[in-house]
1. So residue 139 passes all but one of these: (1) away from the ligand (no atom under 15 Å from the Cβ); (2) open to solvent by 40 Å² or more (accessible area, probe 1.4 Å). Which condition number does it fail?
2. Do you know which residues across segment 50-65 are crowded, with 16+ Cβ neighbours inside 10 Å, outside any strand (DSSP E or B) and either touching an Asp or Glu at 6+ places or on another chain (Cβ under 9 Å) or not small (Gly, Ala, Ser) (or both)?
3. Which number in (1) within 10 Å of the ligand (Cβ to nearest atom); (2) open to solvent by less than 70 Å² (accessible area, probe 1.4 Å) marks the one condition that residue 9 misses?
4. Hey, does segment 20-41 have a residue that's on the phi > 0 side of the Ramachandran plot and more than 15 Å from the ligand (Cβ to nearest atom)?
5. Only one of (1) among the polar types (S, T, N, Q); (2) assigned to a strand (DSSP E or B); (3) within 15 Å of the ligand (Cβ to nearest atom) fails for residue 252. Which number is that?
6. Do we have any residue at all in segment 124-138 that's free of Cβ contacts under 8 Å to residues at least 60 places away in the same chain, assigned to a helix (DSSP H, G or I) and over 17 Å from residue 79 (Cβ atoms)?
7. Spot the failing condition for residue 285; the list is (1) open to solvent by less than 50 Å² (accessible area, probe 1.4 Å); (2) under 21 Å from the mean Cα position of the chain (by Cα), and only one is missed.
8. What are the residue pairs meeting all of these: first residue in segment 6-31, first residue closer than 10 Å to residue 292 by Cα, second residue among the aromatic types (Phe, Trp, Tyr), Cβ atoms under 9 Å, and 6 or more apart or on different chains?
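The values are calculated or read from the model by the stated rules, or taken from the named source; none is laboratory data. Quick caveat, the model's predicted, so the values are computed rather than measured. Note: ideal-geometry Cβ built from the backbone for every residue, glycine included; neighbour counts use all protein chains shown. Side chains included, ligands, DNA and RNA excluded: accessible areas come from the protein's heavy atoms. Shrake-Rupley method; radii C 1.70, N 1.55, O 1.52, S 1.80 Å.
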Amino acid sequence: MQPEELFDVIIVGGGAAGLTAGIYSSRAKLSTLILNEGAIGGQMVLTEEIANYPGVEKTSGYLLANTMKQQAKEFGCKIKSNLKIRTYDLNGEIKRVVLEDGRKFHSRSVILAPGGRPRPLQIPGEERFKGSGISYCATCDGEFFTGKEVIVVGGGNSALEEAVALTTHADKVTIVHQFDHFQAFKHAVDQAKMNPRIEFIMESELRSFSGNGVLQEVSMEHLPSGKTSSMKIDGVFIFAGYIPNTSDLKGTITLNERNEIIVDPEMRTSLPGVFAAGDCVAKRYRQVTTAVADGTIAALSAAEYLRS
Ligand SMILES: Cc1cc2nc3c(=O)[nH]c(=O)nc-3n(C[C@H](O)[C@H](O)[C@H](O)COP(=O)(O)OP(=O)(O)OC[C@H]3O[C@@H](n4cnc5c(N)ncnc54)[C@H](O)[C@@H]3O)c2cc1C
């Protein structure tokens, strides 16, 4: 039997935060392994266009993710994708991660960067029409709605930016938002307002989805008046916040009431030798730049921990 390899750093998650931690850690000559559940790149690959990553002109999220992956690999970082972690043992000096298929990996430190996933609206019909009219990713599914009419739910940066991106496919995009103002940055709001294919329904929430096999209609409530109405629609894109991918870490490290990982400014968690980075940590702003910054700090802190 082969002896199990002991890594200096295991990174859980291969999005912007995990890949950046991988670049820094392997460049510091620490043996580094990224274990990633889905496709490498995380939420970046769900993003049609990233225009606010400094030093890089407008680029696709897929391209940016791929460049980060190549960079990490060139420094010697090992990457394993499309796997599922069964258990973590993060106490003690040697940490252990066990996969569903029984493979075990050991390391002297761990950086948790599992990111998050879109928050569903949890209203009737959502489960039924997921993939048959309801989507959480304009990049992945926008093209299916070429020449059609869609709703975008949400009022943050993702909602407004993806609504604009959707107008390259859809004839009409209606943004439905629960408040009378948007939380998105002014630039994103202005871009959406200037777009002749975008309309707005404010202070309203979707209440249910219906259709015959595929989504055909939504019902919505105008919140101030309580009046409900229905609208024929071909598709709905939901950008209503996110849920951190931390459910399997409950009871292992300290999380807050929103299940975000609590870290200090050095990205240290409640356990020695365990760090966290990116969208999974408790913080206000979630962007590629903030994930990258967290990943950098987590890797440097892990190196410092290993030296001491
Ligand atoms: C539609 C959309 C548009 C956006 N547009 C922009 C933009 O224009 N500019 C910008 O700066 N930001 C944008 N963002 C936000 C930005 O993409 C994220 O803040 C950033 O990518 C988060 O990176 P992360 O590495 O923390 O997490 P993620 O990207 O979520 O990566 C986490 C990775 O970990 C994996 N994972 C999850 N659980 C486990 C587990 N248990 N074990 C192993 N692996 C696991 C996931 O599969 C994933 O690959 C956008 C987000 C969305 C959804």
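1. It fails just one condition, (1).
2. Of everything in segment 50-65, those that are crowded, with 16+ Cβ neighbours inside 10 Å, outside any strand (DSSP E or B) and either touching an Asp or Glu at 6+ places or on another chain (Cβ under 9 Å) or not small (Gly, Ala, Ser) (or both) turn out to be 53, 61, 62, 64.
3. (1)
4. Taking every residue of segment 20-41 in turn, at least one turns out to be on the phi > 0 side of the Ramachandran plot and more than 15 Å from the ligand (Cβ to nearest atom).
5. Among (1) among the polar types (S, T, N, Q); (2) assigned to a strand (DSSP E or B); (3) within 15 Å of the ligand (Cβ to nearest atom), residue 252 violates only (2).
6. Initially, segment 124-138 is screened for residues free of Cβ contacts under 8 Å to residues at least 60 places away in the same chain, giving 127, 130-131.
Of the ones still in play, those that are also assigned to a helix (DSSP H, G or I) are 127.
Now restrict to residues that are over 17 Å from residue 79 (Cβ atoms): 127.
Scanning segment 124-138, I find at least one residue that is free of Cβ contacts under 8 Å to residues at least 60 places away in the same chain, assigned to a helix (DSSP H, G or I) and over 17 Å from residue 79 (Cβ atoms), so the answer is yes.
7. Checking residue 285 against (1) open to solvent by less than 50 Å² (accessible area, probe 1.4 Å); (2) under 21 Å from the mean Cα position of the chain (by Cα), the one that fails is (1).
8. From residues that are closer than 10 Å to residue 292 by Cα, the pairs are 21/275.
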